[in-house]
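Notes to accompany the following structure.
Since every read-out is calculated from the coordinates, none of them should be taken as a lab result. Because the structure is predicted, anything quoted here is derived from the model rather than measured. Because the Cβ atoms are built from the backbone with ideal geometry, glycine has one as well, and the counts that use them run over all protein chains shown.
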Amino acid sequence: MKKSDKIEFVSVVVPVYNEEGCLQELIDRTLAVLDGIGRRFEFILVDDGSRDCSAEIMKAASEKRPDQVISCILNRNYGQHSAIMAGFSLVRGDLVITLDADLQNPPEEIPNLIAAAEEGNDVVGTVRQKRKDTLFRRFASKIVNRVAQKATGVKMNDYGCMLRAYRRHIVEAMLQCNERSTFIPVLGNSFARNTCEIPVKHSERASGESKYSLWKLINLQFNLLTCMTTMPLRILTYFGIFAAFCGYVLSVYIVIRRFCWGDGDSWGQGGVFTLFAVMFIFTGIQMIGIGMIGEYIGRIYNDVRARPRYFIEEICGRKAEK
Ligand code: UDP
Ligand code: MG
């Protein structure tokens, strides 16, 4: 199928983690939208090891409409991006749309995404208008987007928004990637020829609170960074070269000073604390550097162990044909 062809079958994938408060509304609203698009569709809900009634709500929806609503239950919490990957492994549509379960991304935007994809785009990103998140989250996102733009070379303004559409071949390419720590929007873009971005509405979380604690958020940022570039390691090398060069210049200067002025001046002794200061700075930088290398090595280790990225315990609704 050519990518500019009409989209006949749409798959929607939603990761769900303890979202019982808004899940029913999400299902109702999404199904209402999907019923109106005039195409075949499937709605895949992935339960990422929720400890509340989310799985029961999804299963009930699957029982009601087994042809269209598929519930995929993972055996424990693997994280949002792994859950989406589990959903991707089941999709059958020409276009795959991802969405958050908390209704921050209105499902009513789905037809706009389909229209944008039909214009010949492999990936359709979105930019949240009047984003309803804390100042800290918005500021962090700004930096991340800047870095992501530089690293992927794809100009997108909002990598954090998960309301996105991917053509099927992009999803298949993503499924072939075996790394355990991924950041799906960046991974998707790295396989796309044509991309576009459309503005979408953004709302407050419908119920419950963000599933990302500060630590999970930091981990996600490291995933994002390490999944797209090894640049930090290179910066480290450059910095090492620079530091070594400075050290060399300094030692030449000290030797010359010793020859010209002897040790009559108190410069060498007076500089003890300056030396300490410089040493602490360099030790600090070295530690950051080692930590950075550790982040990569940790991920390499995980990939070498090659444990499954997720484990599907149960699928309700129509089973996806492989
Ligand atoms: N989520 C998940 N597993 C997790 C954390 C989050 O499946 O370990 C889902 C969550 O249910 C929601 C989406 O990922 O559908 C985004 O999470 P959240 O809204 O908490 O993130 P935020 O909007 O604060 O970035
Ligand atoms: Mg949210």
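Quick look at the values:
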read-out: The chain: antiparallel DSSP beta bridges as a percent of all, rounded to 5; value: 30
read-out: Computed over the stretch 9-94, the ratio Rg/Rh where both radii use C-alpha atoms and Rh is Kirkwood; value: 0.94
read-out: Listed pairs 130/216; 64/216; 59/211; 59/130 exceeding 29 Å between Cα atoms; value: 64/216; 59/130
read-out: Farthest toward positive dipole pole in the chain [+1 Lys/Arg, -1 Asp/Glu at C-beta], among 160, 149, 43; value: 149
read-out: Whole-Hz couplings from phi, Karplus 6.51/-1.76/1.60, listed for the stretch 113-126; x for Gly and Pro; value: 5, 4, 4, 5, 5, 5, 6, x, 9, 7, 10, 10, x, 9
read-out: Vicinal HN-Hα couplings computed from phi for the stretch 98-104 (Karplus, 6.51 cos²θ - 1.76 cosθ + 1.60; Hz; Gly/Pro x); value: 9, 8, 8, 7, 8, 6, 6
read-out: Over the chain: helical MRE at 222 nm, DSSP H runs n ≥ 4 each giving -39500 (n - 2.57), nearest 500; value: -16500 deg cm²/dmol
read-out: Contour minus Cα-Cα distance for residue 129 and residue 215 (0.36 nm per residue); value: 28.3 nm
read-out: Packing-based order for 120-127, 294-301, 76-83, 35-42, using average beta carbon neighbours within 10 Å, highest first; value: 120-127, 76-83, 35-42, 294-301
read-out: Sequence ranges 132-142, 13-23, 168-178, ranked by mean other-Cβ count within 10 angstrom, highest first; value: 13-23, 168-178, 132-142
read-out: Enclosed volume per residue, in Å³, of the convex hull spanned by Cα atoms of the chain; value: 159
read-out: Peptides 43-55, 240-252 ordered by average Cβ neighbours within 10 Å, highest first; value: 43-55, 240-252
read-out: The stretch 62-146 - convex hull of the alpha-carbon atoms, volume per residue in Å³; value: 157
read-out: Percent breakdown of C-alpha pair distances by 10 Å bin, ordered from the shortest bin, for the stretch 147-222; value: 14, 44, 35, 7
